[in-house]
Amino acid sequence: KFFDFEGAGGKLEKVCTNVIANITEALLKERDKQAKWNGIPLLLQKLYEHSHPNSDFSQCQSILKEISPLLSMEAMAFVTEDRKAAQESTFPNTYTFDLFGGVDLLVEILMRPTLITQKKKQKISDDLIKDCLSILYNTCICTEGVTRRLAERNDFVLFLFTLMTNKKTFLQTATLIEDILGVKKEMIQLDDIPNLASLVSSFDQQQLANFCRILAVTISELDTGSDDKHTLLAKNAQQKKNLGPSRAEINQATLLNIPGFIERLCKLATRKVSETTGTSSFLQELEEWYTWLDNALVLDALMRVANEEAEQSSTESSDESGLANTSTRTQLPQSMKIMHEIMYKLEVLYVLCVLLMGRQRNQVHKMIAEFKLIPGLNNLFDKLIWRKHSASALVLHGHNQNCDCSPDITLKIQFLRLLQSFSDHHENKYLLLNSQELNELSAISHKANIPEVDAVVNTDRSLVCDGKRGLLTRLLQVMKKEPAESSFRFWQARAVESFLRGTTSYADQMFLLKRGLLEHILYCIVDSECKSRDVLQSYFDLLGELMKFNIDAFKRFNKYINTDEKFQIFLNQINSSLVDSNMLVRCITLSLDRFENQSDAKVAEVLSECRLLSYMSQMSMRMSFLFRLINIIHVQTLTQENVSCLNTSLVILMLARRKEKLPFYLRTLQQMEYTEKYPGFILNNFHSLLRFWQQHYLNKDKDSTCLENSSCISFTYWKETVSILLSPDRTSPCAIVSYIDEAYMDIDRDFSEE
């Protein structure tokens, strides 16, 4: 039964490498014809015989040269078919190779020099290592379970990193490591890699960019992949379990301690295409590039050019054909170089973005400012990052130029994510401007007779953008030209909004208002009647930051929304999803409160004329928003995205408390409950939400600072208001329990997540 290679279930079972040596050649030949193994078990038997500890491996390579084409043919088919689910029947050669212990044998061959204690170590040739790695990779992508088995061998994973010191085997090694780390259950610790700092310093710029692909897996927090695990309850419970830094955070710190690492990444991110390697060395690298890129980009590109040349030669005269082919050949390397550079920058920008959001954020900020990342990206903006698509722009296999998966699109999104992380609540955001634009900010402050923002005054002018426009202004220009259906709109709005986040700056707002940003946003919300929820949310958030406390912005709003019809469309968009629009509702509420307490004639005029402020000044409208905001969230469903609804409802009640109207608001909520024929359902829910609020925010410095900065209400006042609302004293006119009849009381429910 064993020699039929079948188990009790009648299925083929994996054969150990040392067992295959004991099977007779005659039996293997006989079964080979019936099973259509293409001679792979026989070749593996020979490979085993020539790879024993005292072997010089001289015969191994010729055997692998026979095996390799059988597997690479299947791997190529797998890649070009967009990696459809591999089945044993679809890729029989790689399956047979693994079945007869080929994978384990190659791992053994590769690692043998490190396991032998003899003084004279065995030397394996670079070509043999390359062949072993390529075959392993091809088997991994075609045969299910192989990658996961290799990932479970920590010794082998760490050993692979040592092979990256050799330029000749770097590409194959990097390819295999990336696939293995992608399925590894536990994230590796970079500290465990032997001589990591010297390894990284040995890389040239191309290798470092490719290494960033591997690093991305080691510094990003593992996604649980389950929506309910993204609730704040679940996150808080997880944080209690993991008191120390995560492996991803430890790996981030390890990278930052490598001398010159961030500087080299900044140089890679900002170098021009003309500064990359020459065409000849670039084209040499293309031979194996397709395996590294995880797509058929190079293969497709070369096939397309070959087809174009074939078409040209068949339709044009011989002289014209010769000229056309020469032109194509000279243009191809440049267009390929651009795509190559885009792929590199993608990986580098991703790593920088993750580091900017990590625990060492301030350290990273200081370094990337010093190494002039932002001015460098500004210089690349038109020619590379936001370049116009040419008719022959290269795209991924099975996709088009507008597909979110194409390198051009992905680079733009990664660039916008980097800008968002860079600007968010950090004074270095002013590096996105040039010196002339910084002077404009100062002039706006002087004209308004308000102090200049300290961060503007303290910005090092030698580190800001150069040229006619800074990066923020360039972004605004492309943002206004973006087609209505563009996937970039969300990311563009997020990047600009992050520039405005934090303590509200009148000068920052006016800088953007002067460039027509408010009118552009309103056009998108009202005139184009944007339907995308993500884009709408990003526009509402941006509009809120742009208009907050700014009377000029409300005046501009009223000038644009100049008919009842337009205003109704705007309200419909707000009311269609309060989760998306609540930050704007908060901005209008806060702004109205401030304007009502000012005695300025200009403010009074806008207050009386502005449709939006008049609408929010109605008590019935504020109560309607408050009722719905509390009703659409529950402790068990709170996430980072919708917790803002809770804070917006709190803002409405804090402003009511300032005016000593808190009891009136609570009584009105009680009446609205009775109108809905469901007494207690809003106030019980709100009580639970506020209890959670205390647990969540009283332990988080960053969150409390954000709440304080965005609302201009001290965090002490936030805490006091919540405490007053949660008072157990049923005689208190400001306590929620005073407005819930005992028959409907349900405030002691335990909402902690086990």
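When LYS185, LYS46 are compared by accessible area at a 1.4 angstrom probe, the order from most to least is LYS185, LYS46. A probe of 1.4 angstrom, applied to the heavy atoms of all protein chains, finds SER486 with accessible area near 20 square angstrom. Relative contact order of region 559-680, taken over Cα pairs closer than 8 Å and 6 or more residues apart, is 26 percent. The magnitude of the dipole of region 618-753, with charges of +1 and -1 set on the Cβ of Lys/Arg and Asp/Glu and taken from the Cα centre, is near 500 debye.
Heavy-atom accessible surface of ASP424, to the nearest 10 Å², is about 30 Å², with a 1.4 Å probe and all protein chains retained.
Taking all protein chains as they are arranged and a probe of 1.4 Å, the heavy atoms of TYR48 leave approximately 70 Å² accessible to solvent.
Here region 618-753 is treated as a sphere whose radius is the Kirkwood value from Cα pairs; by Stokes-Einstein at 37 °C and 0.692 mPa s it diffuses with a coefficient of 217 µm²/s. The lysine pair tally for region 417-565, using Cα distances under 16 Å and a gap of 8 or more places or different chains, is 5. For region 61-78, the Karplus equation 6.51 cos²θ - 1.76 cosθ + 1.60, evaluated at θ = phi - 60°, returns couplings of 5, 5, 5, 5, 5, 7, 6, 3, x, 5, 8, 5, 4, 5, 4, 5, 4, 5 Hz by residue, with Gly and Pro reported as x. If you sort LYS548, LYS36, LYS383 by accessible surface, 1.4 Å probe, largest first, the order is LYS383, LYS36, LYS548. What separates the Cα centres of region 565-592 and region 409-471 is a distance of 29 Å.
Hey, how many Å between the Cα centroid of region 617-669 and the Cα centroid of region 508-564? Cα centroid to Cα centroid, the span is 24 Å. Dividing the mean sequence gap of close Cα pairs (under 8 Å, 6+ apart) by how many residues region 618-753 holds gives a relative contact order of 25 percent. Simple rule: put +1 on each Lys or Arg Cβ and -1 on each Asp or Glu Cβ in region 618-753, find the dipole, and look at CYS706, TRP693, ILE740; the Cα lying farthest toward the positive end is CYS706.
The values are calculated or read from the model by the stated rules, or taken from the named source; none is laboratory data. The model shown is predicted, which means the values in this text are computed figures rather than measured ones. All Cβ positions, even for glycine, are placed from backbone atoms using ideal geometry, and neighbour counts span all protein chains on display. Areas reflect the complete protein model, heavy atoms only, side chains present, ligands, DNA and RNA absent. Shrake-Rupley method; radii C 1.70, N 1.55, O 1.52, S 1.80 Å.
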